[in-house]
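K.L.:
Dropping a structure here in structure tokens format, bear with me for questions.
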Amino acid sequence: MSSQAGNPWFSWDYIRENTDTLLAALREHILLTVASVAIAALIAIPLSILAYRKNWLTGPILATAGTLYTIPSLALFAFLAPFTGLNPGTVLIGLVLYALLVILRGSLTGLRTVPAEIREVASGMGYGKLAMLWRVELPLALPSIMTGLRIATVSTVALLTVGEIVGFGGFGNLIIGGFRNNFYRAQIMTATLACVALALVLDALLALTGRALMPWTRRRSQ
Amino acid sequence: MSVIQDAFIWLNDPLNWTLPDGIIARTREHLWITLLAVALACAVGWPIGVLLGHYGRGGAALVTLANVSRAVPTVALLTIFPLTAIGFGERAIVLALAVFAVPPLLANAYLGIREVDPQVKEAALGMGLSGRQLLTRVELPLAVPYLASGFRTAAVQVIATATLAAFVNGGGLGMIISRGFGLGLASGGGQVLAGGLIVAVLCLIAEGLLALGERAVTPRHLRAPGRMSEGRASMTM
């Protein structure tokens, strides 16, 4: 079983015979990643605006998020699973918590680096708080928000593999399953490459979205 | 509620602490694996980062390395390495964990050297220091806060990811969690929860101690009070 010839690292036969399994893993991986990052963004961006507006909240919010981030993924799933069960929800909650900090930090950094003069000019031009946020502060923070989203997405794709412990790890199920199933190299390698490729593709898609949303950054770089 | 009670009952059983695969032995394994991986990563990451910083080369490559390493799942290397020439056992696990610790060490070492004020370097060269003296007497001492910050990020990351060694039966505290899951949540739920608690406490203690260490080696005027606590280079995980 351990001989190189009988157990190659890559095999088209494996891919051909297990197309359905691989596609199911891909589907699970994409769904859980997109859902986690989307939910995390919906919580983190408003939270960052709150922390930006109420200065005294910044410390506690970042400290709480930082503490959560220190806890290893396996331990977090261990905290959740006895209460939430062996289901995708457990993985989702865990991944949202991790993505939250990354997006929060990116967004807060972006908002904080808006120059005071620009805010002064905007308020001098009659912008209210909401208009200033929507038309001045958020657009200027957008590059930093996008960076946070990209890092969160790539990390989530990789981290999701740990979800195998509760049975929902996307490609992680195949990587660890392959190891347990007589060290099935082709399965481990195919799932690993697919996982890395998925992370890079999602990252590229977000980068393109960022370019489309922020034409001014494109002009500057030319 | 009963799961929480089960967890406390599990933690209260002295045998769960003292058996050969009990908490004490697992903690020792966990810390040993962590120590080896961090030492190896420092031995590789620091010299390369410092030299790249000194000669001002490779910044873009470091960003790429950090981004790509983020995309590689830890469990992938943990399962792949034992099946290569490295072979099964501690060595494969230490290597896999070290790979992920190199980017933050490398990035912070590079950044620490690059961030040295050019005027300070000019003054040092003007005083007749050679390139090597500039590195060892000016750049390295000034980069210490960055090195410490990278060390903290890398060490906390390794102590956290060492938990995943349990996926390949590689020892460490993650074994308590994975064995608990193996028993099924109905009977192993308490052990799962207890294992999670122990791992979390260990990581938080490590983070706290390393933060104190980082503070201790950072000169007072370089400490930024409101700084976000996640490494100086923004390329960390």
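K.L.:
Find the residue count for segment A:150-188, including only residues that are open to solvent by 30 Å² or more (accessible area, probe 1.4 Å) and either more than 10 Å from every other protein chain (Cβ to nearest Cβ) or more than 20 Å from B:GLY170 (Cβ to Cβ) (or both).
P.N.:
Here the count works out to 7.
K.L.:
Continuing with the same structure: Going residue by residue through segment A:107-122, is there one that turns out to be in a helix (DSSP H, G or I), open to solvent by 50 Å² or more (accessible area, probe 1.4 Å) and within 14 Å of chain B (Cβ to nearest Cβ)?
P.N.:
yes
K.L.:
Only helices (runs of 4 or more DSSP H) wholly contained in segment B:1-63 count here; list those with 3 or more residues that are β-branched (Val, Ile, Thr).
P.N.:
Counting at least 3 such residues, we get B:2-12, B:23-55.
K.L.:
Right, something else. For segment B:123-169, how many residues are away from every other protein chain (no Cβ under 14 Å), among the hydrophobic types (A, V, I, L, M, F, W, C) and closer than 17 Å to B:GLU214 by Cα?
P.N.:
Summing the residues that are away from every other protein chain (no Cβ under 14 Å), among the hydrophobic types (A, V, I, L, M, F, W, C) and closer than 17 Å to B:GLU214 by Cα in segment B:123-169 gives 7.
K.L.:
Further question: Name the pairs whose Cβ atoms lie under 7 Å apart, with the first residue in segment B:1-12 and more than 8 Å from every other protein chain (Cβ to nearest Cβ) and open to solvent by 100 Å² or more (accessible area, probe 1.4 Å), the second assigned to a helix (DSSP H, G or I) and at pLDDT 90 or above, and 6 or more positions between them or separate chains?
P.N.:
Final answer for the pair search is B:ILE9/B:GLY190.
K.L.:
Hey, among the residues in segment B:171-192 that are open to solvent by 20 Å² or more (accessible area, probe 1.4 Å) and under 16 Å from B:THR27 (Cα atoms), which one's nearest to the other protein chains (Cβ to nearest Cβ)?
P.N.:
Filtering first and then ranking leaves B:SER178.
K.L.:
Which residues, counting only those in segment B:13-36, are closer than 21 Å to B:GLY189 by Cα, at pLDDT 90 or above and polar (S, T, N, Q)?
P.N.:
Listed by number, the residues that qualify are B:ASN16, B:THR27.
K.L.:
Pairs only if they're at least six apart or on different chains, beta carbon under 7 angstrom, first in segment A:192-211 and in contact (Cβ under 8 Å) with a residue 12 or more places away in the chain, second among the basic types (Lys, Arg); list them, first residue then second.
P.N.:
A:ASP203/A:ARG150; A:LEU206/A:ARG150; A:ALA207/A:ARG150
K.L.:
Report, by residue number, each residue of segment A:123-138 that is open to solvent by 40 Å² or more (accessible area, probe 1.4 Å) and either assigned to a helix (DSSP H, G or I) or touching a Lys or Arg at 6+ places or on another chain (Cβ under 9 Å) (or both).
P.N.:
A:SER123, A:GLY124, A:TYR127, A:LYS129, A:LEU130, A:TRP134, A:ARG135
K.L.:
Evaluate segment A:160-180: report whether one residue or more is farther than 25 Å from B:GLY180 by Cα and either without any contact (Cβ under 8 Å) to a residue 12 or more places away in the chain or part of a helix (DSSP H, G or I) (or both).
P.N.:
Step one: of segment A:160-180, the residues farther than 25 Å from B:GLY180 by Cα are none.
The answer is no; no qualifying residue exists.
K.L.:
I need the helices (runs of 4 or more DSSP H) fully contained in segment A:1-102, keeping only those with at least 2 residues that are within 14 Å of chain B (Cβ to nearest Cβ) and open to solvent by 70 Å² or more (accessible area, probe 1.4 Å).
P.N.:
A:55-70
K.L.:
Taking interchain pairs and intrachain pairs at least six residues apart, which have beta carbon atoms under 7 angstrom, with the first residue in segment B:207-219 and within 14 Å of another protein chain (Cβ to nearest Cβ) and the second open to solvent by less than 40 Å² (accessible area, probe 1.4 Å) and among the β-branched types (Val, Ile, Thr)?
P.N.:
B:GLU207/A:THR70; B:GLU207/B:VAL156; B:LEU210/B:VAL156
K.L.:
Residue by residue through segment A:181-203, note down the ones that are among the polar types (S, T, N, Q) and outside any helix (DSSP H, G or I). Steps first, please.
P.N.:
Quick first cut of segment A:181-203, residues among the polar types (S, T, N, Q) only: A:181-182, A:187, A:190, A:192.
Answer for segment A:181-203, where residues must be among the polar types (S, T, N, Q) and outside any helix (DSSP H, G or I): A:ASN181, A:ASN182.
K.L.:
Can I ask one more? Which members of segment A:136-161 meet the condition of being among the aliphatic types (A, V, I, L, M) and under 14 Å from the mean Cα position of the chain (by Cα)?
P.N.:
Answer for segment A:136-161, where residues must be among the aliphatic types (A, V, I, L, M) and under 14 Å from the mean Cα position of the chain (by Cα): A:ILE145, A:MET146, A:LEU149, A:ILE151, A:ALA152, A:VAL154, A:VAL157, A:ALA158, A:LEU159, A:LEU160.
K.L.:
Considering only segment B:90-140, state which residues are within 17 Å of B:ALA41 (Cβ to Cβ), among the charged types (D, E, K, R) and touching a residue at least 40 places away in the same chain (Cβ under 8 Å).
P.N.:
B:GLU90
The values are calculated or read from the model by the stated rules, or taken from the named source; none is laboratory data. Because the structure is a prediction, the values reported are computed rather than measured. Glycine gets a Cβ as well: all are built from the backbone with ideal geometry, and neighbour counts include every protein chain shown. The area values use the complete protein model at the heavy-atom level, side chains included, leaving out ligands, DNA and RNA. Shrake-Rupley method; radii C 1.70, N 1.55, O 1.52, S 1.80 Å.
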